[in-house]
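The values are calculated or read from the model by the stated rules, or taken from the named source; none is laboratory data. Note that the structure is predicted; figures quoted are calculated from it, not measured. Glycine gets a Cβ as well: all are built from the backbone with ideal geometry, and neighbour counts include every protein chain shown.
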Amino acid sequence: MSDLQSQDYVRRSASTMTPPMARSHEDQVAKLIDVSRCIGCKACQSACMEWNDLRQDIGHFEGSYENPMDLSPNVWTLMKFAEYENEQGNLEWLIRKDGCMHCEDPGCLKACPAPGAIVQYANGIVDFISDKCIGCGYCEKGCPFNIPRISKKDHKSYKCTLCSDRVAVGMEPACVKACPTGAIMFGSKADMKHQAAERIVDLKSRGFENAGLYDPQEVGGTHVMYVLHHADKPSLYSGLPDKPRISPMVGAWKGVIKPLALMGIALAALGGFFHWITAGPNEVTEADEEEGERVLREGAAHEPEKTS
Amino acid sequence: MTREKTVIVRYTTLNRVNHWITAICFVLLVLSGLSMFHPMLFFLSELFGGGQWARAAHPWIGIVLLISYLGLIVQFWRENLVHKDDVEWMKSIKYVVTNDDQRVPPVGRNNAGQKMVFWSMTLLIPVLFFSGLVIWEVYFGAATSIPVQRAAVLIHSLAAIAAILVWIVHVYAAIWIRNSVRSMTQGYVTPGWAWRHHRKWLQELASDQHDKSVFRKRP
């Protein structure tokens, strides 16, 4: 989104300095999606398009309620429909609103090579500052949830902003405002956890004994949380990761390898320089020239002498 | 002191043009690649017109480098085949680095260090090329899965670091062994240079009655 609040960053991509974070006395926010109350109406999808001025090209019917079929630079949130046959042999229609989870420890931000292209505000929202994006796609590799999408038109990466522009002026995200059943809620993270806890008690009393909150600690918790009837099996919900974490390959690449590589390169260059200072250049001497010319003369004069 | 004497052609015009196309590509790739590798080096992307341009140009330069390096492989593979002599040379490496040339066994056209540079790059450049294709978001972003791309980006970084280290050794050796750079810019070496650094090669050239094309007057 935009660069309106430049003094309340707690994290900034590709930055070795502390980001401007003076205005950090802010509540952590969270969006709570109660999957058990979702009716799959897609009002949130429409509201997201409306507020963010996004229009995906009209596609084709693919035999699924999902429409469009995937997130894209123009689709920042998407209802995903899963049909699950439970142990009693009954069908459960598990509908999940997919989109950026706004991780407390964002893999996209860790992987991003462009300074300030991905930031995290003090309230926890992870935002893409698009004019600084270079379109490399590293955020896709960093993300444990497969969310960011790179545009083929402008080579920028896009995803849900959690309506950071609306939140900045005290409004709730557009999807929250549009939800007709109150399945999407927004507030401080503490309040949302409290809200979820009440709902989970209710679900358990109705027989969903594995009901629970999805706030995965492997990424430090998320600022978009789900209430799931089957919190023991998140992957039932159209592949929501059971244990999302930043890939160890990304961790190594963006962790130890970066400083070690630069040190190695610097040491190699310094090694060369100090070799020059100590051992010095290897110069051809006048005696070498005489020997070399003698070999050429003799070689031309005599029969070839085999050198093994 | 300039000598009006015979010199030896070490690298032909084709060798040199091919080498320097590769070298220019390599330097551009190092600059644009490092800009995307470490935040403190992001400023290097300005040399290419900004981050978007560095990101966009990097893979195309890589394609030119691969094609160019294939040309170098065709021209140089035979003279870089490893022999028993190379083991002897490696054993005397401490005399090599201390400029104690008398104690280093005579060397043919290339020494073991030069061969290692050649074969390292021959291995690393295809690795960089194919891992680079996988992470070329614009054209191949959808061709492989994200886990494959994560592995590719890690392999690409490690191979690039290895190639940069080999390159530093290569460049420094060329500066350290005086007049080596001239052999790759103007193409020739003096008989004394050949005697000092590649004695067997000099003797082979001198004893070859038929091929005198490698000798010419010093310019």
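Summary table below
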read-out: Number of positions in the range B:180-219 that are part of a helix (DSSP H, G or I), within 11 Å of another protein chain (Cβ to nearest Cβ) and not charged (D, E, K, R); value: 13
read-out: Breaking point among (1) free of Cβ contacts under 8 Å to residues at least 40 places away in the same chain; (2) buried (at least 21 other Cβ atoms within 10 Å of the Cβ); (3) not aliphatic (A, V, I, L, M), for A:Phe145; value: (1)
read-out: Extreme residue, nearest to A:Met101 (Cα to Cα), among residues of the range A:182-220 that are of a type in the set (S, T, N, Q) and over 25 Å from the mean Cα position of the chain (by Cα); value: A:Gln195
read-out: Subset of the range B:74-89 [of a type in the set (A, V, I, L, M, F, W, C) and loosely packed, with under 14 Cβ neighbours inside 10 Å]; value: B:Val74, B:Trp77, B:Leu81, B:Val82, B:Val87
read-out: The range A:275-304, subset facing chain B (nearest Cβ under 8 Å) and polar (S, T, N, Q), residue nearest to B:Val148 (Cα to Cα); value: A:Asn282
read-out: Boolean, A:Glu140 is on the phi < 0 side of the Ramachandran plot, of a type in the set (D, E, K, R), in contact (Cβ under 8 Å) with a residue 12 or more places away in the chain and assigned to a helix (DSSP H, G or I); value: yes
read-out: Residues of the range B:167-179 that turn out to be surrounded by fewer than 18 Cβ atoms within 10 Å (Cβ to Cβ) and more than 9 Å from chain A (Cβ to nearest Cβ), as a count; value: 1
read-out: Hits in the range A:38-49 - residues which are surrounded by fewer than 16 Cβ atoms within 10 Å (Cβ to Cβ) and either within 25 Å of the chain's Cα centre (by Cα) or closer than 14 Å to A:Gln195 by Cα (or both); value: A:Ser46
read-out: The range A:255-274: number of residues that are surrounded by 13 or more Cβ atoms within 10 Å (Cβ to Cβ), more than 7 Å from chain B (Cβ to nearest Cβ) and at pLDDT 95 or above; value: 1
read-out: Hits in the range B:134-162 (condition: assigned to a helix (DSSP H, G or I) and touching a residue at least 60 places away in the same chain (Cβ under 8 Å)); value: B:Val138, B:Ser157, B:Ala160
